[in-house]
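One structure is given here, and the rest of the page talks about it.
The values are calculated or read from the model by the stated rules, or taken from the named source; none is laboratory data. Being a predicted model, the structure only gives us computed values, none of them experimental. Using ideal geometry, Cβ is built from the backbone for each residue, glycine included, and neighbour counts are taken over all protein chains shown. Accessible surface areas use protein heavy atoms only, side chains included; no ligands, DNA or RNA. Shrake-Rupley method; radii C 1.70, N 1.55, O 1.52, S 1.80 Å.
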Amino acid sequence: MIANISPWNAVRRTLSLALAALIWGGSVATAQTPVTLNFVDADIDVVAKAVGELTGKTFVLDPRVKGKINIQSAKGVSPGLAYPTFLSALRMAGFAAVEAGGIVRVVPEVDAKTLPTPVGSGAGGAITTKVIPLANQSASQVINALRPLVAAANALVVYPPGNAIIITDYADNIRRVEAVIARLDTPSVAAPEIIALNHANAIDVAATINRVFNDTGAGAGIESRDRMQVTADTRSNSVIVRSEDANRLSRIKAFVQDLDRPTAAPGNIRIVYLKHADATQVAQTLRRVLGADGGNAPNSAPPMSGSGGSAASSALSSLLPGAGTAGGAAAGGNSALANAAAALGGASSSAVNSGLPPPSQSSQTAFSAGGATVYADAAINALVISAPTPVYNNLRAVIEQLDVRRAQVFIEALIAEVQADKAAEFGIQWQALDGLNKSSTQGFGGTNFGGTGTNILGISANPTSAGRGLNLGLIRGAFTFKGVEIANLGLLARALQNDTTANILSMPTLLALDNEEAKFSGGQTVPVLTGQYANSTGSNNSVTPFATFERKDVGLILKVRPMITEGGAIRLQLYQEVSSVADAGSTAAQSGLSSFNKRVLESTVLADDGQIVVLGGLLQEGFTNGQDKVPVLGDAPFFGNFFRYDTRKRTKTNLMIFLRPTVLRDARQTGAISDERYRVLGLDQQAVSPEIRAMLPEMSNPVLPLGPPKPAPVPSQPTK
């Protein structure tokens with residue numbers, strides 16, 4: 001029995017048969033004697049040695065290759081099958097063979113892909129690397145279908161530049177993967193088809209198809225076969241349809257042909273609802289493009305027929321094909337409308353038959369020109385157009401390009417003003433006033449510097465008028481001089497240091513439409529006295545004072561007009577003003593005699609999306625050094641301080657303005673910024689909530705609701 005054959009006996013039997021085949025045939029290549037392979041619980045290294053003797057291959061086994069394998073054949077097999085059979089047994093045991101340069105390396109399967117595997121085809125059970133290029137389909141999409149066919153330990157990657165798939169696996173599995181790729185890499189059936197229209201407008205038909213087949217839109221969860229793309233080509237008045245489903249494509253083509261019929265309503269009156277643009281502005285643009293009323297006055301129109309037409313007639317004839325013949329296409333109709341249209345500048349009879357109310361000559365929202373009558377209805381933001389089909393198709397194409405969502409610009413301004421003022425005073429004054437209180441001839445003298453609150457004579461007359469700072473003096477009684485009692489202040493020493501710092505930060509933000517001016521103003525309105533007089537009236541000559549004031553805005557003013565260029569940059573025309581009342585607490589300011597600090601920046605800058613730019617700054621720094629002294633004595637070392645009064649003052653103002661514009665092209669970007677500002681404001685409101693007091697009633701703090709509204713809870717079902 002085969003089960004009774006020991007591994008070593010099986011090896012010897014195999015070698016004996018191989019040697020007999022060599023002797024019989026003369027060489028291994030010509031040996032055709034079948035070989036019976038029977039290895040029961042044989043060590044891998046023993047079987048590798050036997051297969052190597054039989055095939056002439058050199059095997060190198062990794063030290064981690066340990067274990068036993070079983071190979072049993074009921075009858076003899078060709079010697080050429082011994083090597084593939086051995087590779088299959090290794091694969092079942094979790095090992096792989098990598099053949100390169102005549103040497104077969106046997107390693108664990110997880111490490112096989114790191115070895116220099118041969119590129120191309122190889123033995124079925126050997127690890128091989130192959131590059132499979134794709135001609136029609138995307139390799140990134142095909143690889144998703146191939147991953148279940150390849151073990152996780154083996155490599156399967158995409159090379160996007162060459163649209164190729166690189167795979168490292170067993171050669172027989174690679175051949176299977178190649179067969180699958182050959183079936184998948186076929187030309188796509190989703191070629192776009194162009195459907196020309198003769199009567200209907202391509203934009204209207206494309207919108208109708210998208211509304212009817214909206215369940216097959218290119219959504220994230222829709223499969224590629226169910227996706228459909230429909231767009232309109234205004235130049236050729238055609239609809240371009242693309243779908244991978246041939247049946248759906250044929251149904252759409254039939255649907256388009258059914259829609260492409262002449263309109264049943266007389267006069268070709270159509271209503272175009274605008275999505276983003278303003279109907280009145282679009283009507284004014286069409287008025288200027290068509291040359292109606294010269295683009296300015298509503299009561300005149302250029303000639304539209306004859307060889308002596310103006311340049312506007314030539315432009316109109318190129319813009320509206322068939323406009324020259326549309327006038328005679330419809331004869332007869334509403335004579336009142338014909339007279340009104342003729343008064344507006346030669347409207348064709350096709351527009352007359354429309355039955356539209358005659359546009360007012362003073363209205364800028366209605367006009368007739370070139371065989372078309374256009375009326376803007378601001379209430380529903382729509383255009384009512386009466387025109388022949390060729391004229392309407394051209395107008396519809398222009399309206400479609402004008403009716404686009406305009407981008408917005410979110411402007412964040414940062415105005416930082418930092419002030420640092422320092423002042424210092426030091427001086428010593430003395431007086432000898434004893435002789436003033438005597439009738440005999442006496443002398444007096446001393447030094448006095450500074451003004452009110454700092455002069456020694458002023459403080460002697462009124463000690464309470466001493467200025468701020470340190471005041472040290474020596475008083476020896478008092479005396480009366482000309483009826484006024486004066487303190488006998490013989491010595492006064494003053495010292496004062498004043499440091500003033502201010503940090504003012506303003507962060508106004510604006511959301512402006514592209515190429516539209518926006519303004520931000522924050523501050524207060526200050527009354528400024530402009531005139532006053534006293535009026536004497538009545539029999540008793542009573543005086544009635546009268547004063548006039550002018551209100552002046554003081555604070556922060558920011559005006560900006562952003563314009564997004566074609567390259568993505570933002571051109572900003574801005575006006576920045578920062579003003580304040582100088583010495584707001586003074587008596588003159590309270591009486592209306594105020595002076596103002598005003599800083600204005602007016603410029604045009606160019607910035608990228610999200611870039612912080614510095615618009616300008618004002619750096620003002622001043623230094624004042626004042627000295628009152630007695631000549632010669634005030635310059636003496638040390639003792640000169642008794643004859644000198646020093647004042648020093650340094651002022652420094654630094655004003656910088658920064659700006660960061662951000663382009664918001666869709667509702668998602670706008671909502672993200674709005675939600676963030678909404679959340680920050682809500683958190684700030686919660687931070688100022690009043691604390692709970694036992695003796696005070698609880699009062700709620702008005703705050704913004706944070707987040708979307710929560711759904712109502714579902715009532716639970718009662719249990720039986």
- Message: Among the residues of the range 274-308, what is the count of those that are at pLDDT 50 or above, over 40 Å from the mean Cα position of the chain (by Cα) and of a type in the set (A, V, I, L, M, F, W, C)?
- Response: 1
- Message: Considering only residues that are among the small types (Gly, Ala, Ser), surrounded by fewer than 22 Cβ atoms within 10 Å (Cβ to Cβ) and in contact with a strand residue (DSSP E or B) (Cβ under 7 Å, 6 or more places away or on another chain), which ones fall in the range 380-414?
- Response: Ala382, Ala407, Ala413
- Within the range 148-171, the residues that are open to solvent by 40 Å² or more (accessible area, probe 1.4 Å), closer than 27 Å to Val106 by Cβ and out of contact with any Phe, Trp or Tyr (no Cβ under 7 Å at 6 or more places or on another chain) are Leu149, Ala151, Ala152, Val157
- Query: Under the condition of being within 12 Å of Phe449 (Cβ to Cβ) and touching a Gly at 6+ places or on another chain (Cβ under 9 Å), which residue from the range 621-640 is surrounded by the fewest Cβ atoms within 10 Å (Cβ to Cβ)?
  - Reply: Gln627
- Across the range 236-285, what is the total count of residues that are open to solvent by 60 Å² or more (accessible area, probe 1.4 Å), assigned to a loop (DSSP other than H, G, I, E, B) and in contact (Cβ under 8 Å) with a residue 12 or more places away in the chain? 7
- Message: So the check is Cβ under 6 Å with 6+ separation or different chains; which pairs have a first residue in the range 570-581 that's touching a residue at least 24 places away in the same chain (Cβ under 8 Å) and a second one that's open to solvent by less than 10 Å² (accessible area, probe 1.4 Å) and of a type in the set (Gly, Ala, Ser)?
- Response: Ile570/Ala607
- Item | Enumeration of residues in the range 172-187 that are buried (at least 17 other Cβ atoms within 10 Å of the Cβ) and in contact with a strand residue (DSSP E or B) (Cβ under 7 Å, 6 or more places away or on another chain) | Ile174, Val177, Ile181
- Can you find even one residue in the range 401-414 that is at pLDDT 85 or above, outside any loop (DSSP other than H, G, I, E, B), under 20 Å from Arg287 (Cβ atoms) and in contact with a helix residue (DSSP H, G or I) (Cβ under 7 Å, 6 or more places away or on another chain)? yes
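Filtering the range 658-688 down to residues that are aliphatic (A, V, I, L, M) and free of Cβ contacts under 8 Å to residues at least 40 places away in the same chain, which residue is nearest to Pro562 (Cα to Cα)? Reasoning before the result, please.
First pass over the range 658-688, keeping only residues aliphatic (A, V, I, L, M): 659, 663-664, 667, 672-673, 680-681, 683, 687-688.
Still in the list and also free of Cβ contacts under 8 Å to residues at least 40 places away in the same chain: 667, 672, 680-681, 683, 687-688.
On the way: Ala667: 19, Ala672: 21, Val680: 26, Leu681: 26, Leu683: 31, Ala687: 36, Val688: 37 Å.
Ranking the candidates gives Ala667 first.
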- Note on the structure: Flagged pairs (Cβ under 6 angstrom, 6 or more apart or on separate chains; first in the range 161-180, closer than 17 Å to Val119 by Cα and at pLDDT 80 or above; second charged (D, E, K, R) and in a helix (DSSP H, G or I)) are Thr168/Lys113
- Query: Can you spot a residue in the range 212-222 that is in contact with a Lys or Arg (Cβ under 9 Å, 6 or more places away or on another chain), open to solvent by less than 40 Å² (accessible area, probe 1.4 Å), at pLDDT below 85 and in a helix (DSSP H, G or I)?
  - Reply: yes
- Message: Take the residues in the range 46-87 that are surrounded by 15 or more Cβ atoms within 10 Å (Cβ to Cβ) and under 60 Å from the mean Cα position of the chain (by Cα); name whichever of them is farthest from Asp111 (Cα to Cα).
- Response: Leu87
- Task: Only residues in the range 689-706 that are without any contact (Cβ under 8 Å) to a residue 60 or more places away in the chain count as the first member; pair them with residues that are of a type in the set (Asp, Glu) and open to solvent by less than 100 Å² (accessible area, probe 1.4 Å), Cβ under 6 angstrom, at least 6 apart or cross-chain, and list the lot.
- Result: none
- Message: Suppose the filter is closer than 30 Å to Gly568 by Cα and among the β-branched types (Val, Ile, Thr); does Thr452 pass it?
- Response: no
- Task: For the range 126-151, enumerate the residues that are touching a Ser or Thr at 6+ places or on another chain (Cβ under 7 Å) and at pLDDT 80 or above.
- Result: Thr129, Asn136
